[in-house]
Amino acid sequence: MFYLAICAATVTACMTLGPPDFSVMVYGAAVMVAIVGVPHGGLDHWTGRRLLESRFEGRWWMMFFPGYLSISAIVAFSWVFFPVATVIGFFLVSAWHFGREDQYSSMSHNLTSRFTTGTKHLSAIALGGLVIWIPAILRPDEMELLLRIIVPGDSETQAEQIVFITSWIAMVMCPLGGLFFCMRLIDQRRDWNAWVAPATAVLAATTPILVSFTAFFCLWHSILGLSRLRTQEGITGVAFLRSVLPLSVLAVCGVAISGWWFIAATEGSSIDTVLASLQTLFIGLSAIAVPHLLLHEWSDSTGLKTPYQGIYCDGS
């Protein structure tokens, strides 16, 4: 209900007051990601410990951190050498991760448990990726502009290719998303979470990409993931907040320092230096996101449960 209310309020504000300035969207997104998004991924070592400690005991971290960072490095280098394939792949795995997280929430597994494995993952990509697929169709120029800033090399040509390929994927995924939504709505009439997909689609269609993605990622996906992680770890809300708060504070401080540096750079350096710095930031964030989503899918596929995890399915 909270996310649906945020979607309605955001769409109304953008339609009546107009979209916010680009700088406001950038800093707003950075702060929201720092407060909610960073803890969502920053506690991945909890999941790694749960997966590896039984086999490696106190040396679990010697397996977890090198593996996690190695995947991050591969993704970062792929942005430089294979930007088009990397971005398309990143869109697909992000959509899949968003949808899989949603499938573990509330009553949604009652429907997806009856799907075949392939259909389950296809549903995740179609519904979880609406925040990507809708802008690719309805806001392609805006998506291309953002990609020109982020993608290394001949960014103009590569951005055009990425938007072109993504829009064709979206042409397939959006109708499938509508079909899977109808199936879920029939099966779960009383579950408000079933309306997250169309609310996200409307949000993505009517507001700037930075606004819609930030709202979806921070106020739905990250909160959903944090809530599930707290339950899996079997700790109280207060104890969980104590673990999350330092990460959020450090991340917000990092945003503030970066903002100060950004302002100083625009005054004392060329615009190319600033864009290169922004490019590095976005590539770094995506490089961290990939091992995060792979880790959590691995965790769910193992069927490993804690005493507090009984309300969740095993992810098979």
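Side notes on the structure shown:
- Candidates in segment 150-161 are the residues that are of a type in the set (A, V, I, L, M) and touching a Phe, Trp or Tyr at 6+ places or on another chain (Cβ under 8 Å); of these, the one that is farthest from Val26 (Cα to Cα) is Val151.
- Among (1) among the hydroxyl-bearing types (Ser, Thr, Tyr); (2) at pLDDT 80 or above; (3) not in a helix (DSSP H, G or I), the one test that Ser227 misses: (3)
- Complete set of residues in segment 1-42 that are among the aromatic types (Phe, Trp, Tyr) and at pLDDT 80 or above: Phe2, Tyr3
- Counting only residues that are farther than 19 Å from Gly284 by Cα and either of a type in the set (Ser, Thr, Tyr) or not in a helix (DSSP H, G or I) (or both), segment 60-87 holds 0 of them.
- Selected residue (only one of Gly58, Gly37, Gly89, Gly18 is among the small types (Gly, Ala, Ser), in contact (Cβ under 8 Å) with a residue 40 or more places away in the chain and either within 27 Å of Ile235 (Cβ to Cβ) or surrounded by fewer than 18 Cβ atoms within 10 Å (Cβ to Cβ) (or both)): Gly37
- Test: residue in segment 240-256 that is touching an Asp or Glu at 6+ places or on another chain (Cβ under 8 Å), assigned to a helix (DSSP H, G or I) and modelled with pLDDT of 75 or more: yes
- The one condition in (1) farther than 26 Å from Tyr3 by Cβ; (2) of a type outside the set (A, V, I, L, M); (3) within 20 Å of the chain's Cα centre (by Cα) that Pro135 fails to fulfil: (1)
- Answer from Glu101, Glu53, Glu57 - the residue that is charged (D, E, K, R), in a helix (DSSP H, G or I) and under 21 Å from Ser248 (Cβ atoms): Glu101
- Residue match in segment 186-201 (condition: aliphatic (A, V, I, L, M), over 18 Å from the mean Cα position of the chain (by Cα) and part of a helix (DSSP H, G or I)): yes
- Total residues in segment 179-208 satisfying the condition of being without any contact (Cβ under 8 Å) to a residue 12 or more places away in the chain and polar (S, T, N, Q): the figure is 0.
The values are calculated or read from the model by the stated rules, or taken from the named source; none is laboratory data. The structure presented is a predicted model; accordingly, all values stated were derived computationally and were not measured. FYI the Cβ positions are ideal-geometry reconstructions off the backbone, even for glycines, and counts take in every protein chain you see.
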